[in-house]
Amino acid sequence: MELTFDDLLRRARALPRDGRRAVLGIAGSPGAGKSTLAERLVRALNGSGEPWAAHVPMDGFHLADAELERLGRRDRKGAPDTFDAAGYAALLRRLRDAAGEVVYAPGFERELEQPLAGAIPVLPAARLVVTEGNYLLLDTGAWARVRPLLDEVWFCAADEERRVRRLIDRHERFGKSHEDAVAWVERSDERNAALVAATRDRADLVVPVERLA
């Protein structure tokens, strides 16, 4: 039977149990539609009432460009070792444990291509946190701490041609020339995409985002 968005809503609503907050992860390769799905899900779960769900992207844990320059990793921005994975895992643990207080999470400013500290308030009323990013299912280094902190992980499976085209369009939209956008996707994004694709079997649910009814 074809998976529908209503199916996803029902599954997400069922995650918080016994009065505790739950954390849902949405993983997938660069350009797969993770943010779009997370935003749609949170918007539908909240409706027009009290914020029952919150969206906390992994992208807020990008290392700043100055630190990437120091480490010699600026030309690989977006690879697993260009994020503060341990900090991300620590935030997820705090989101699970500190449900009675406001927790501030970092955001990511696309125009600047930089993280922004304290940009996302997660209010005590939020019973579900939806977090999304490339490496939620990676089992190496500090990334291995992430999966045990997630109640479920869904994997966005996208049409590969459309996914790559979206990536190129995104890079162009934020300032790269077409040639530079294509080069970055081929050199960096697609290497990361292969790494992420290898984690698909660890997900609880595979979501065919472009065929989602």
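Obtain the nm distance between the two label points defined at Phe5 and Ala44 by a simple spin-label model: each point lies 7 Å from its Cα along the Cα-to-C-beta direction.
Each label point is offset 7 Å from its Cα along the Cβ direction, giving 0.6 nm.
Can you find, among Ala125, Leu167, Ala66, the residue farthest towards the positive end of the dipole of the chain? Put +1 on the C-beta of Lys and Arg, -1 on that of Asp and Glu.
Farthest towards the positive end: Ala125.
Could you check the spin-label model distance between Ala125 and Phe174? Points 7 Å from the Cα along Cα→Cβ, value in nm.
Those two pseudo-labels are separated by 3.1 nm.
With a cut-off of 8 Å between alpha carbons and a minimum separation of six or more residues, what is the relative contact order of the chain in percent? Could you put the intermediate results ahead of the total?
Numbers: 354 pairs, mean separation 69.6, N = 213.
Here the relative contact order equals 33 percent.
Pick out, in residue order, every one of the GluC sites (Glu not before Pro) in region 1-85 that is DSSP loop and has at most 11 other C-beta atoms within 10 Å; say none if there are none.
Taking region 1-85 and a limit of 11 other Cβ atoms within 10 Å, the loop GluC sites (Glu not before Pro) found are Glu2.
About the Cα centre, and with charges only on the beta carbon of Lys, Arg (+1) and Asp, Glu (-1), how big is the dipole of the chain? Nearest 20 debye, please. Present the calculation step by step, with values, prior to reporting the outcome.
Details: 33 positive and 35 negative charges, 112 e Å.
Computed about the Cα centre, the dipole is about 540 debye.
Val102 to Glu161: extension gain in nm, 0.36 nm per residue of separation minus the Cα-Cα distance?
Numbers: separation 59, 0.36 × 59 = 21.24 nm, distance 4.06 nm.
Extra length available between Val102 and Glu161 comes to 17.2 nm.
Packing-wise, with mean Cβ within 10 Å as the measure, how do 84-96, 170-182 rank, highest first?
With the highest mean Cβ count within 10 Å placed first, the list reads 84-96, 170-182.
Calculate for the chain the 222 nm mean residue ellipticity that helices alone would give, adding -39,500 (n - 2.57) per DSSP H run of length 4 or more and normalising by residue count, nearest 500 deg cm²/dmol.
Helices in the chain give a 222 nm mean residue ellipticity of -10000 deg cm²/dmol.
On alpha carbon coordinates alone, what is the Rg over Rh value for the chain, Rh being the Kirkwood radius? Show your work: numbers first, answer last.
Working: Rg = 16.8 Å, Rh = 17.7 Å.
Reported Rg/Rh, Kirkwood definition of Rh: 0.95.
Listed highest first by mean packing, meaning other Cβ atoms within 10 Å per residue, what order do 58-64, 106-112, 183-189 come in?
Working: 58-64: 20.1, 106-112: 14.1, 183-189: 16.9.
The most tightly packed comes first, giving 58-64, 183-189, 106-112.
Read-outs throughout are calculated quantities, based only on the coordinates presented, and are distinct from any laboratory measurement. Keep in mind that what you see is a predicted model, and the values were worked out from it rather than measured. Don't worry about glycine lacking a Cβ; one is built from the backbone with ideal geometry, like all the others, and counts go over all protein chains shown.
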